Amino acid sequence: MGIPEKIKQIEEEMRRTQINKATERHLGVLKARLARLKRMQEEQASKRAGGDDGYSVKKAGDATVVLLGLPSVGKSTLLNHLTGSNSKVAAYDFTTLTVIPGILNHKGARVQVLDIPGIIKGASEGKGLGKRVLSAARSADLLLVMLDVFNPDSREILLDEVRAIGIRPDEAMPRVNVKKRSSGGVTVTDLAGVTHVDEEGVKQVLREYGQPNAHVMLREDITYDQLIDVLMKNRVYVPTLTVVNKIDMVDQSYLIDLKESLRFEFLPISADNDVNLDQLKDQIFRKLEFIRVYMRPKGEDPDYDEPMIIRNGATVEDVADKVHRRLKEELRYTRIWGRSVRFGGQKVRLTHPPMDEDIITFYS
């Protein structure tokens with residue numbers, strides 16, 4: 001029996017299985033087997049295609065935002081108005097047939113914005129331009145989900161398609177540690193009082209992935225889907241920001257009703273008329289968790305005109321690497337003035353995380 005037949009057989013068995021507490025383990029093992037087979041199928045298809053499985057875009061700027069939406073939702077117009085790019089715009093589907101990049105400059109940050117072709121249901125299975133299009137979304141630091149004011153329910157369709165290629169929108173990597181060992185079988189240490197998986201189920205799932213000997217430490221309550229994500233090792237965890245476009249075509253009462261009916265937060269915009277685009281730029285900046293730090297050369301004033309942009313959680317070492325990749329090798333010490341230290345000019349280690357608007361001086 002070939003891989004496609006095995007996949008079909010498993011999918012049929014999953015459809016026949018009722019979902020309840022008693023079947024959680026069985027379904028978890030089936031999902032693990034299905035994910036493993038689909039990955040094998042994708043690898044074989046990639047080899048037959050010569051390894052060309054998606055669009056390749058060189059990353060630029062301080063972060064990358066990918067515009068995700070159905071055809072003709074207004075992504076190209078938004079890209080042009082945010083970045084000054086010249087993406088082709090027309091009132092018909094599939095105007096964008098490749099990935100169009102642009103740079104958004106905001107508060108000292110340079111954000112790469114990618115306009116990808118419109119996504120349709122089934123794209124993850126190859127429809128439209130399929131996985132080639134969605135592959136560009138894996139490079140995103142933020143997915144900007146763009147909806148039409150007359151079709152706001154398409155958000156879940158779009159997110160389902162990116163989930164199908166291994167992107168986990170608005171999720172964090174599960175706090176699970178799997179350590180291989182040479183013998184002893186699978187042992188599970190539960191530090192969180194797990195309710196969605198059990199020890200025997202964890203063992204069966206690991207065996208599906210050829211790991212009969214391992215120590216699994218669960219630091220939070222997880223599902224079998226999350227355990228599979230950890231074992232697949234190719235999942236991408238990306239935050240989202242949702243906008244509803246073309247609000248210039250409806251009245252205020254329509255928008256009020258829309259906000260009450262939808263179960264997710266969104267920013268209403270008009271890309272054509274620049275409505276709320278300044279707010280959108282601010283929200284992109286916040287969602288990317290940018291931090292501005294000011295460099296202060298020895299004996300000089302801080303450079304407040306051109307802040308260095310880093311991400312929240314970055315360290316002094318990351319700042320040094322951004323200044324020059326060999327700087328940390330020559331560095332004697334670093335001083336910081338700002339909210340991240342107890343007093344101005346405090347010496348800090350390379351592992352110290354700066355805070356927004358800190359001032360940094362490197363001494364080499």
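The values are calculated or read from the model by the stated rules, or taken from the named source; none is laboratory data. These numbers were taken from a predicted model, which means no experiment stands behind them. Glycine also receives a Cβ, built like all others from the backbone with ideal geometry; neighbour counts cover every protein chain displayed.
Going through the stretch 251-266 one residue at a time, which ones are buried (at least 16 other Cβ atoms within 10 Å of the Cβ) and of a type in the set (A, V, I, L, M)?
Leu258
Could you grab the pairs with beta carbons closer than 8 Å, sequence gap of 6+ or different chains, first residue in the stretch 166-179 and touching a residue at least 24 places away in the same chain (Cβ under 8 Å), second one among the polar types (S, T, N, Q) and surrounded by 18 or more Cβ atoms within 10 Å (Cβ to Cβ)?
These pairs meet every condition: Pro169/Thr240; Asp170/Thr240; Pro174/Gln226; Val176/Gln226.
Which one is modelled with the lowest pLDDT, of the residues in the stretch 318-359 that are among the basic types (Lys, Arg) and in a helix (DSSP H, G or I)?
Applying the filter and picking the extreme gives Lys328.
Among the residues of the stretch 39-83, write down those that are at pLDDT below 85, in contact with a strand residue (DSSP E or B) (Cβ under 7 Å, 6 or more places away or on another chain) and among the charged types (D, E, K, R).
Lys59
Going by the conditions given, is Lys322 assigned by TED's automatic domain parsing to the domain that holds Asn151 and free of Cβ contacts under 8 Å to residues at least 40 places away in the same chain?
Spelling it out, it is not the case that Lys322 is assigned by TED's automatic domain parsing to the domain that holds Asn151 and free of Cβ contacts under 8 Å to residues at least 40 places away in the same chain.
Using the structure shown, decide if Arg132 is loosely packed, with under 15 Cβ neighbours inside 10 Å, in contact with an Asp or Glu (Cβ under 8 Å, 6 or more places away or on another chain), among the basic types (Lys, Arg) and over 30 Å from Arg25 (Cβ atoms).
Considered against the rule, which asks whether it is loosely packed, with under 15 Cβ neighbours inside 10 Å, in contact with an Asp or Glu (Cβ under 8 Å, 6 or more places away or on another chain), among the basic types (Lys, Arg) and over 30 Å from Arg25 (Cβ atoms), Arg132 comes out as no.
Just for the stretch 327-356: of the residues that are within 17 Å of Pro297 (Cα to Cα) and among the charged types (D, E, K, R), which one is surrounded by the fewest Cβ atoms within 10 Å (Cβ to Cβ)?
Among them, the one singled out is Arg332.
Only residues that are in contact (Cβ under 8 Å) with a residue 12 or more places away in the chain, part of a helix (DSSP H, G or I) and farther than 30 Å from Leu27 by Cβ: list them for the stretch 217-253, please.
Ile247, Asp248, Met249
What are the residues in the stretch 160-175 that are surrounded by fewer than 19 Cβ atoms within 10 Å (Cβ to Cβ) and among the aliphatic types (A, V, I, L, M), if any?
Ala164, Ala172, Met173
Return the residue satisfying two criteria in turn: it lies in the stretch 178-211 and is hydroxyl-bearing (Ser, Thr, Tyr) and either under 17 Å from Leu34 (Cβ atoms) or in contact with an Asp or Glu (Cβ under 9 Å, 6 or more places away or on another chain) (or both), and of such residues it is surrounded by the fewest Cβ atoms within 10 Å (Cβ to Cβ).
Thr195
If we scan the stretch 212-234, do we find a residue that is touching a Leu at 6+ places or on another chain (Cβ under 6 Å) and either exposed (fewer than 13 other Cβ atoms within 10 Å of the Cβ) or within 20 Å of Gly69 (Cα to Cα) (or both)?
No, the stretch 212-234 has no match at all.
Is one or more of the residues making up the stretch 276-287 buried (at least 17 other Cβ atoms within 10 Å of the Cβ) and farther than 16 Å from Leu104 by Cβ?
Checked the stretch 276-287: no residue is buried (at least 17 other Cβ atoms within 10 Å of the Cβ) and farther than 16 Å from Leu104 by Cβ.
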